[in-house]
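> Right, I'll just put the structure down here and ask away after.
The values are calculated or read from the model by the stated rules, or taken from the named source; none is laboratory data. Since the structure is predicted, the reported quantities are computational estimates derived from the model, not experimental observations. Cβ placement follows ideal geometry from the backbone for every residue including glycine, while neighbour counts extend to all protein chains displayed. Side chains included, ligands, DNA and RNA excluded: accessible areas come from the protein's heavy atoms. Shrake-Rupley method; radii C 1.70, N 1.55, O 1.52, S 1.80 Å.
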Amino acid sequence: MTAFERVKAARAKGRPTALAYIEKLTTSFTEFHGDRRSGDDPAVVAGVAEIGGLPVTVIAIEKGADTAGRLKRNFGAAHPEGYRKALRQMKLAEKFGRPVLCLIDTSGAYCGINAEERGQGQAIAENLMEMMVLHVPVLSVIIGEGGSGGALALAVADEVWMMENAVYSVISPEGCASILWKDSSRTEEASERLKLTAEDLRALGIIERIIGEQGGVENAFALLSLRIRDFFGEKLEIPTERLLDERYEKYRKIGRV
């Protein structure tokens, strides 16, 4: 598949959204609401659950599975209170020693003026800073689109995994083509140049693992659940100081020549 075909696959109607992953990967999920500052953001779903009997905190960006759901979830474009809700749950996970699983599917954070007035940039920056020093294991899985800072705000993790047909980029191909060439018809070319596919990003050292989608995303759920459980089991055995050192070094070496 070409890079642009991957983009279309990541956005495809009927592709499982974050709530479907939570249903298939976890048991006993209990959702929490609100950031304890301004309100609740339906685009970010957060709570506690179990994966293979292991208690975990799950934080996900939900796009909505149908028209009503997309309107309710703002098409997965999170507001600052969504990122603050996510951070609140991460801090609770740290307090109780639970690993954190982030499921990412967004074209980007909401860029409306009201979000900026409520501190969108600060909320994202705070997540980046706090996730780097979180004292529990963190795993982020990009399940569809991973767009710009809206995705990165939940992707400072010990490892980042991607579904085979997911994409992860600083900007959408359409936005890139419009900015670079003032020509949105060059979207396919922009997709190739952005190096946004899972294969490209693993080669560049941005992500650690690609989850295959042969036969459909649904076929990957059972294996993904086992891999997540094993990953957290291994990371929980690592002393906190070493966990933080390895996370820090992971991001320091990105882009190193």
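> So, R0 is 45 Å and r is the distance between the beta-carbons of TYR251 and SER38; what FRET efficiency does that work out to, to 0.05?
0.90
> Counting only other residues whose beta carbon sits under 10 Å from that of ALA157, what net charge do I get with K and R as +1, D and E as -1?
My count for the surroundings of ALA157 gives -1.
> Provide the packing ranking of 141-151, 122-132, i.e. peptides ordered by the mean count of other C-beta atoms within 10 Å per residue, highest first.
So the peptides 141-151, 122-132, ranked by packing, come out 141-151, 122-132.
> Let me ask something else about it. Provide the per residue accessible area, probe 1.4 Å, for the chain, rounded to a whole number of square angstrom.
46
> Please compute, for the alpha-carbon atoms of the range 6-60, the extent along each of the three principal axes and give them in descending order in Å.
Its Cα atoms span 36, 34, 14 Å along the three principal axes.
> Relative contact order for the chain: what is it in percent, counting Cα pairs under 8 Å that are at least 6 residues apart?
Reported relative contact order: 19 percent.
> A further question on this structure: Zone of GLU5 (label point 7 Å along Cα→Cβ, backbone N under 16 Å): which residues in the range 205-240?
Counting backbone N atoms under 16 Å from the label point, the list is 213-216.
> If you find the alpha carbon centre of the range 75-127 and of the range 203-257, how far apart are they in angstrom?
Taking the Cα centre of each part, the range 75-127 and the range 203-257 sit 21 Å apart.
> Please state the shape class of the range 52-156: rounded when a/c is under 1.5, otherwise prolate if a/b exceeds b/c and oblate if not, all from the C-alpha gyration tensor.
Oblate shape, in that a/c is at least 1.5 and b/c is the bigger or equal ratio.
> Heavy atoms only, probe 1.4 Å: what % of the accessible area of the chain goes to carbon and sulfur, would you let me know?
Accessible surface attributable to carbon and sulfur in the chain totals 53 percent.
> What is the antiparallel percent of DSSP beta bridges lying wholly in the range 108-257, to the nearest 5?
The answer is about 10 percent antiparallel.
> I would also like to ask the following. Going down the table (LYS24/LYS91; LYS8/LYS235; LYS13/LYS253; LYS24/LYS95), which pairs top 32 Å between alpha carbons?
In this structure, LYS8/LYS235; LYS13/LYS253 exceed 32 Å between Cα atoms.
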